[in-house]
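Student: To start, I am sharing the structure in question, which I have written as C-alpha cells.
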C-alpha cells in the first residue's frame, strides 16, 4: 500500500472514530407469565393464565446518527413445527420540534415454519408520554393467516395496525403504562371470516435500578369468541433485565 493510500485510510479511520465511540450496544433479557402480541396468545397449546415465555434481544445504535438495528426473540407455541419467534428490525430516529419520530422495517421470522413470516414497515411519533404508531404489512404472508407459504392463495399485504400508548412516571421508580391498538386485516383475510379487532393493555412497571424492572398489566382483545378461549384477558407479569 503506497503513502497516498495509507493517508486516505488514516483519514477514513479518524472520521469514523467519533461514530464508533458513540455507538451503543444494549441487550435485554426477560421472563413473562404469558406472551400476548396485539392481544393474542402466542402459546395456544393450553388454556391457562400462566404460560411462561423466555425473551431477549440486542439493539445497536449507530452513534448520534439516528440509525439503529436490532433483534428480539421469544419462545412461542402457536405454529406447527416452530417454537421461537425471531424479530429483526432497523430504522431511523429523529426529532421534529418537540416530537420524536421513528421510521423503520420489522421482519417476524419463525424458523421452524416460515408460513408465519411477516414483514412490516412502521412509523411512530412520540410527544411527551404519548406515542402513536402505525405498522403496515408489505409481505404476502401474514402470521400464517395468508400468503403463498401458508398455502391459502390469499394475501396479507396491506394489513394495518394502529396503536396509541401512554407511559408516565407517577412517582419515583413507578411508571403507569396503557395502550390500545386496532388491527385492520387485508380483504383477503377478512373474506375468510376473520374480523378486525381491538387490543388493550393497562398496567405499571417498577424500576429497581441497575436495569432491572418488574411490570404487571391486564392484556386482552375484542372478538375473543372468534380467536378462541386461549385469548381471554389476563394479568401478565414480566421481569426484565437491561444489559
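The values are calculated or read from the model by the stated rules, or taken from the named source; none is laboratory data. Everything numeric here is computed off the predicted structure, so don't read it as measured data. In this analysis, Cβ positions are derived from the backbone assuming ideal geometry, glycine residues included, and neighbour counts consider all displayed protein chains.
Student: Select from segment 139-148 the residues that are touching a helix residue (DSSP H, G or I) at 6+ places or on another chain (Cβ under 8 Å) and assigned to a loop (DSSP other than H, G, I, E, B) and write down the one among them that is farthest from residue 182 (Cα to Cα). Talk me through it step by step, then tell me what you get.
Tutor: So in segment 139-148, the residues touching a helix residue (DSSP H, G or I) at 6+ places or on another chain (Cβ under 8 Å) come out as 141-147.
Going one step further and asking which of them are assigned to a loop (DSSP other than H, G, I, E, B), we end up with 141, 143-145, 147.
Details: 141: 19, 143: 16, 144: 19, 145: 17, 147: 21 Å.
Once the filter is applied, the top-ranked residue is 147.
Student: In the set 188, 199, which member is touching a strand residue (DSSP E or B) at 6+ places or on another chain (Cβ under 8 Å), in a helix (DSSP H, G or I) and either surrounded by 17 or more Cβ atoms within 10 Å (Cβ to Cβ) or modelled with pLDDT of 95 or more (or both)? Show your work before the answer.
Tutor: Numbers: 199 fails: in a helix (DSSP H, G or I).
Every option except 188 fails the conditions.
Student: Can you name the residue in segment 202-227 that is assigned to a loop (DSSP other than H, G, I, E, B) and modelled with pLDDT of 95 or more and is also surrounded by the most Cβ atoms within 10 Å (Cβ to Cβ) among such residues?
Tutor: Our first condition is that a residue be assigned to a loop (DSSP other than H, G, I, E, B); within segment 202-227, this holds for 210-211, 222-223.
Adding the requirement that they be modelled with pLDDT of 95 or more leaves 210-211.
On the way: 210: 8, 211: 14.
Out of the qualifying residues, it is 211.
Student: Just to be sure before I move on: is residue 27 modelled with pLDDT of 95 or more and either surrounded by 12 or more Cβ atoms within 10 Å (Cβ to Cβ) or assigned to a loop (DSSP other than H, G, I, E, B) (or both) in the structure I sent? Can you show your working first?
Tutor: Working: modelled with pLDDT of 95 or more: yes; either surrounded by 12 or more Cβ atoms within 10 Å (Cβ to Cβ) or assigned to a loop (DSSP other than H, G, I, E, B) (or both): yes.
Taking the combined requirement at face value, the residue satisfies it.
Student: Residue pairs, Cβ under 8 Å, 6 or more apart or interchain, first in segment 135-149 and free of Cβ contacts under 8 Å to residues at least 12 places away in the same chain, second surrounded by fewer than 23 Cβ atoms within 10 Å (Cβ to Cβ). List them.
Tutor: Pairs that qualify, where the first residue is free of Cβ contacts under 8 Å to residues at least 12 places away in the same chain and the partner is surrounded by fewer than 23 Cβ atoms within 10 Å (Cβ to Cβ), are 148/140.
Student: A follow-up question, please. Would you check if residue 161 is at pLDDT 95 or above, crowded, with 18+ Cβ neighbours inside 10 Å, within 30 Å of residue 67 (Cβ to Cβ) and touching a helix residue (DSSP H, G or I) at 6+ places or on another chain (Cβ under 7 Å)? Outline the logic, then answer.
Tutor: Details: at pLDDT 95 or above: yes; crowded, with 18+ Cβ neighbours inside 10 Å: yes; within 30 Å of residue 67 (Cβ to Cβ): yes; touching a helix residue (DSSP H, G or I) at 6+ places or on another chain (Cβ under 7 Å): no.
No: the conditions fail for residue 161.
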